[in-house]
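> Below: one structure in structure tokens.
Just so it is clear, none of the values below were taken in a lab; they were calculated from the coordinates. Predicted model only: the values in this text are computed from it and were never measured. Cβ coordinates were reconstructed from backbone atoms using ideal geometry, including for glycine residues, and neighbour counts include every protein chain displayed.
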């Protein structure tokens with residue numbers, strides 16, 4: 001997986017200056033709409049809370 005390409009793609013998709021995002025090494029990207037403190041810790045906590053996301057599930061569909 002080319003990390004530089006993923007970073008470039010997410011930067012283009014998530015151009016909103018009011019949101020932050022964290023890209024994990026396996027390609028998962030977590031968007032933080034209310035970023036505060038250590039972003040990686042906040043993103044990890046969200047992943048632990050909501051578990052894995054499966055395509056087509058309510059968590060896997062943007063609204």
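> Would you kindly state how much longer the chain becomes between residue 29 and residue 7 on full extension, computed as 0.36 nm times their sequence separation minus their alpha carbon distance, in nm to one decimal?
Residue separation times 0.36 nm, minus the Cα-Cα distance, leaves 7.0 nm.
> Say each of residue 54 and residue 42 gets a label point 7 Å from the Cα, pointing the same way as Cα to Cβ; how far apart are those two points in nm?
It is 3.0 nm.
> Right, something else. What's the exposure ranking of 26, 54, going from fewest to most Cβ atoms within 10 Å?
26, 54
> Take the alpha carbon gyration tensor of the chain, find the square roots of its eigenvalues, order them as a ≥ b ≥ c, and report rounded if a/c is under 1.5; if not, report prolate when a/b exceeds b/c, else oblate.
Rounded is the answer for the chain, as its axis ratio a/c remains below 1.5.
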